[in-house]
Amino acid sequence: MTNTRNEPRLPPLPESEWGDDTREVMAGSSRLNIFTTLARHPKLLKRWRVFGGHVMRKNTLPARERELLILRTGFRCRSEYEFYQHTAIGLEAGLSQEEVQRTMADASAWSGDDALLVRATDELIDDKRIGEATWQALRERFDERQLIDIIFTVGQYTLVSMALNTLGVQIEDGTTGIFP
């Protein structure tokens, strides 16, 4: 699951090379490698940040459940960068260190709602849909908006993981996390 590339395919765009459109989209943004790499395509970055902002800040799921979905997706997509970034966010959202580690195990390692979310993530990644039994169990616990946010959270972070893995985005220096 580790990034086998020592160098990014597309390195982060240095601020000295930013045009006006890039400066605009990067205003007030962190300088994480994901953003400075995607700054090479400022129009895409601008629009993607709106959607990504919904998933991270306006999602109807509790933060802990959102982060469980994201960490499981990052692990399943073999995205070292995503997993490392969201380890810290997941801990802040209420996941324990042991639970972060457990996101690398299948649903049988979990119970209750957590097992449902892990199973839903796996089904979305493997089958591109949530199966009927899992869907019915989720409907008993989550409302309609939360059900939609489950799907779009896994979808968003699958897309992000594909981009990170393909572009070879490197983990920031000093980032810590658990990764096999």
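Going through the range 92-115 one residue at a time, which ones are part of a loop (DSSP other than H, G, I, E, B) and either surrounded by fewer than 18 Cβ atoms within 10 Å (Cβ to Cβ) or free of Cβ contacts under 8 Å to residues at least 24 places away in the same chain (or both)? Scanning the range 92-115 gives A93, G94, S96, M104, A105, D106, W110, S111. Set side by side, the residues R78, R49, R31 differ, and just one is assigned to a helix (DSSP H, G or I), among the charged types (D, E, K, R) and either surrounded by fewer than 23 Cβ atoms within 10 Å (Cβ to Cβ) or touching a residue at least 40 places away in the same chain (Cβ under 8 Å) (or both), which is R49.
Residues that are at pLDDT 95 or above and not in a helix (DSSP H, G or I) do not occur anywhere in the range 145-162.
Of these, I130, I171, I89, which one is among the β-branched types (V, I, T), part of a helix (DSSP H, G or I) and surrounded by 15 or more Cβ atoms within 10 Å (Cβ to Cβ)? Show your work before the answer.
On the way: I130 fails: part of a helix (DSSP H, G or I); I171 fails: part of a helix (DSSP H, G or I).
Testing whether each residue is among the β-branched types (V, I, T), part of a helix (DSSP H, G or I) and surrounded by 15 or more Cβ atoms within 10 Å (Cβ to Cβ) leaves just I89.
For the range 1-17, residues that are loosely packed, with under 12 Cβ neighbours inside 10 Å, part of a loop (DSSP other than H, G, I, E, B) and modelled with pLDDT of 95 or more total 2. Considering V160, V118, which residue is among the aliphatic types (A, V, I, L, M), outside the structural domain of R31 (by TED's automatic domain parsing), surrounded by 15 or more Cβ atoms within 10 Å (Cβ to Cβ) and within 11 Å of the chain's Cα centre (by Cα)? The unique qualifying residue is V160.
Looking at this structure, is R119 at pLDDT 95 or above and over 15 Å from R76 (Cα atoms)? It is false that R119 is at pLDDT 95 or above and over 15 Å from R76 (Cα atoms).
Set side by side, the residues R31, R40, R47, R23 differ, and just one is outside the structural domain of T103 (by TED's automatic domain parsing), charged (D, E, K, R), over 19 Å from L124 (Cα atoms) and in contact with a Leu (Cβ under 6 Å, 6 or more places away or on another chain), which is R40. Restricting attention to the range 18-35, the residues that are among the charged types (D, E, K, R), under 22 Å from D173 (Cα atoms) and modelled with pLDDT of 95 or more total 0. Scanning the range 56-82 for residues that are farther than 19 Å from A115 by Cα and out of contact with any Asp or Glu (no Cβ under 6 Å at 6 or more places or on another chain) yields M56, R57, K58, R78, S79, E80, Y81, E82.
The values are calculated or read from the model by the stated rules, or taken from the named source; none is laboratory data. Everything quoted here is computed from the prediction, not taken from an experiment. Because the Cβ atoms are built from the backbone with ideal geometry, glycine has one as well, and the counts that use them run over all protein chains shown.
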